[in-house]
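The values are calculated or read from the model by the stated rules, or taken from the named source; none is laboratory data. Every value quoted in this text rests on a predicted model; they were computed, and no experiment measured them. Neighbour counts run over all protein chains shown; Cβ positions are idealised from the backbone, glycine included.
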There are 2 protein chains.
Amino acid sequence: MPSEQSKHTELADALNWAGRELSAATVLFHTAIAERLGLNTTDHKCADILAQTGAITAGELAERTGLTTGAITGVVDRLEKAGFVRRERDPSDRRQVIIQPIQEEMERQIAPLFGSMGQAMVELYSNYSEQELALILDFMNKSTKVLQEEAIKLREEIH
Amino acid sequence: MPSEQSKHTELADALNWAGRELSAATVLFHTAIAERLGLNTTDHKCADILAQTGAITAGELAERTGLTTGAITGVVDRLEKAGFVRRERDPSDRRQVIIQPIQEEMERQIAPLFGSMGQAMVELYSNYSEQELALILDFMNKSTKVLQEEAIKLREEIH
């Protein structure tokens, strides 16, 4: 008969495995979205960040994503070509480039691609009680924090 | 006072938002891992798939990922250079190329990069009861299924 401890360990192993599968599915889903937009996954995630932050400098975007400023130049080139951002000069410092997201254009092209997934998720939520959804929400937020912290650690070890 | 219905809708909205943040964090975490290995995110996910399937043909890998066979060629070139796979001829059909994952080399290079994240997740799990972890596990598995189905739908709409 498994002890309390081994049952908890078993669940932790199953969760780590499920997390791996979920993350593979997430990456492939975003690759499919990005392909539809003619962008690579990193470009797409940068667009997502810009949609949340509004206009920021290339340096700020590099800092938020952990990408090199060289890589950011390529990202911004492709996003500009897709009509998702505009490069502007910082009025207070003419040497600084500000990346201005064009929210309407992003929304117009991206939102419909998430529609079917959003509906499927709402259908999934309907099988859970409010208390269960609140627990899942809390776990998701905490997992996000772990991943963000761990991505920063991984990047710090390179530089 | 919010009705039962509106509370559930509020939670569903919060979950969709949390899912978006979690997926952004997941993509950036995997980008950080891939950067450490000199691979892009797609290469890295293909390596992950090969580690699970064992040797498969380039056509099978294309099918599983939804990538074009042209894109797969680039992926396999980079994985071969990293020492993660070997191209072999199918003994039963000499025109077919089989991609043979070199599990030991992947494990050797990749596993240590996930160590710190795995530990942080196990620490997170320790705050939940077994019943709660079982609920979260079930939700994760169902979310994975949704994402896989939706990625297939998105790709079918291109081709």
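Taking interchain pairs and intrachain pairs at least six residues apart, which have beta carbon atoms under 6 angstrom, with the first residue in the range A:108-126 and buried (at least 16 other Cβ atoms within 10 Å of the Cβ) and the second basic (K, R)?
A:L113/A:R36; A:L124/B:K142
Pick from the range B:20-51 the residues that are more than 7 Å from chain A (Cβ to nearest Cβ), over 11 Å from the mean Cα position of the chain (by Cα) and closer than 19 Å to A:F29 by Cβ: which of them is modelled with the highest pLDDT?
Here the answer is B:R20.
Does the range A:68-86 contain at least one residue that is of a type in the set (K, R) and over 30 Å from B:T144 (Cβ atoms)?
yes
If B:Q100 satisfies every condition in (1) free of Cβ contacts under 8 Å to residues at least 40 places away in the same chain; (2) more than 14 Å from chain A (Cβ to nearest Cβ); (3) surrounded by fewer than 18 Cβ atoms within 10 Å (Cβ to Cβ) but one, which is the exception?
(1)
Looking at (1) out of contact with any Ser or Thr (no Cβ under 7 Å at 6 or more places or on another chain); (2) in a helix (DSSP H, G or I), find the lone condition where B:L147 falls short.
The number of the failed condition is (1).
So, in the range B:144-159, of the ones that are within 7 Å of another protein chain (Cβ to nearest Cβ) and touching a residue at least 40 places away in the same chain (Cβ under 8 Å), which residue ends up surrounded by the fewest Cβ atoms within 10 Å (Cβ to Cβ)?
Selected residue: B:R155.
What are the pairs with Cβ atoms under 7 angstrom where one residue, in the range B:3-24, is closer than 14 Å to A:E123 by Cβ and the other, located anywhere, is at pLDDT below 90 and among the hydroxyl-bearing types (S, T, Y)? Sequence gap at least six, or different chains.
Taking only residues 6 or more apart or on different chains, not a single pair turns up.
Any idea which residue in the range B:103-142 is nearest to A:A18 (Cα to Cα), counting only those that are of a type in the set (V, I, T) and at the interface with another protein chain (Cβ under 9 Å from one of its Cβ atoms)?
Among those that are of a type in the set (V, I, T) and at the interface with another protein chain (Cβ under 9 Å from one of its Cβ atoms), it is B:I136.
For the structure I just gave you, tell me whether A:K7 is over 30 Å from B:A62 (Cβ atoms), of a type outside the set (F, W, Y) and within 10 Å of chain B (Cβ to nearest Cβ).
So A:K7 fits the description; yes.
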